[in-house]
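Structure first, then comments.
The values are calculated or read from the model by the stated rules, or taken from the named source; none is laboratory data. All values reported here derive from a predicted model rather than from experimental measurement. Cβ atoms come from the backbone with ideal geometry, glycine included; neighbour counts cover every protein chain shown.
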């Protein structure tokens, strides 16, 4: 018996019909047992059931920017209610100069594209990246539409202070990280949002940090101001209650900032022109761990007896200064760098006030190379005091 399927039948229908024939053969059923009308009725019923049980997932391509848009058709007996108002696809809300990944809809990447201006920032954005361009200005209101911004990367551009809006960051109440390093700024930007946690302003041309420049930033934990031309800091750090790291290296400071934050752990002041430190200067920061003041103009006359005798400091770098004696340090200090000074004597009292079995220094690394001290100047009780030391260079 030969069955002629309709000319419009799909390959799937043919395969299903073949399966039916095989099953019928296995069950010993002959289609010849039924008359022609019953055959046709049964076949039509089977084809209808097959169509009802199949799903159509054919994607509809609207354009290249909207890769998959599936259409939905309501059931014939369903009453179609008012649908949502047409909304612009997230992909359409991205400036053509930038990329907005569908799987990270709150981020906009506009970096390294030779841009000379700031594109429009959609309101849904939280992370925007404009680094490595040739942007020269940040106009007033540039981010007024995107008030939910948390990260703003503007580093490695040519932005000047004269071409920055005075209140360009005022509405960014959730901003946590601001990157403006490697630009042409001559002044501190501001006012800055109180939500800020990290401020990156290294490699600019800032010459002064007014006392109110960082006012209200009680959440700030990291401040990067290295490689500028700063000659005065005033008391700008004093109110930063959460500040953990302050990098002020490679500037023109002649004195240390007035008043350190209580939470400070890392202070970098290397490559400045500092020649003195007030007495008990570091004691106001009981959590201070790392102090780097190499390549300054420190002398023993500019230091008090207990300037560095702070129990919290673990690493102290005073290399390449003008010291003639080893300053007194805490027995808890672990790393002391004094190379490149003018030290001419080894004073064990700088490390241990009492030398015995129970009292000794925790110092592990001591560098005295590049000084005027002689190897035979090391006192005989030095090994007892410095019993933890693994590296001593003279």
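Remarks
- Evaluation of residue 365 against the conditions (1) surrounded by 20 or more Cβ atoms within 10 Å (Cβ to Cβ); (2) within 24 Å of residue 267 (Cβ to Cβ) shows that the sole unmet condition is (1).
- Single residue of 192, 185 found to be under 21 Å from residue 128 (Cβ atoms), surrounded by fewer than 21 Cβ atoms within 10 Å (Cβ to Cβ), in contact (Cβ under 8 Å) with a residue 24 or more places away in the chain and in contact with a helix residue (DSSP H, G or I) (Cβ under 7 Å, 6 or more places away or on another chain): 185
- Set side by side, the residues 224, 203, 179 differ, and just one is in contact with a strand residue (DSSP E or B) (Cβ under 6 Å, 6 or more places away or on another chain), in contact (Cβ under 8 Å) with a residue 12 or more places away in the chain and closer than 18 Å to residue 136 by Cα, which is 179.
- Every pair of residues 6+ apart whose Cβ atoms lie under 8 Å, when the first sits in region 287-309 and is on the phi > 0 side of the Ramachandran plot while the second is modelled with pLDDT of 95 or more and assigned to a loop (DSSP other than H, G, I, E, B): 295/270; 295/271; 295/272; 295/319; 295/320; 295/321
- The set of residues from region 330-350 being surrounded by 15 or more Cβ atoms within 10 Å (Cβ to Cβ) and within 39 Å of the chain's Cα centre (by Cα) comprises 330, 331, 333, 334, 335, 336, 337, 338, 339, 340, 341.
- Within region 301-329, the set of residues being surrounded by fewer than 17 Cβ atoms within 10 Å (Cβ to Cβ) and not in a loop (DSSP other than H, G, I, E, B) comprises 301, 315.
- Out of 316, 384, sole residue that is under 21 Å from residue 296 (Cβ atoms) and out of contact with any helix residue (DSSP H, G or I) (no Cβ under 6 Å at 6 or more places or on another chain): 316
- Among residues of region 148-169 being over 18 Å from residue 133 (Cα atoms) and surrounded by fewer than 17 Cβ atoms within 10 Å (Cβ to Cβ), the one that is nearest to the chain's Cα centre (by Cα) is 150.
- Among the residues listed as 199, 220, the single one being crowded, with 21+ Cβ neighbours inside 10 Å, within 18 Å of the chain's Cα centre (by Cα) and closer than 21 Å to residue 131 by Cα: 199
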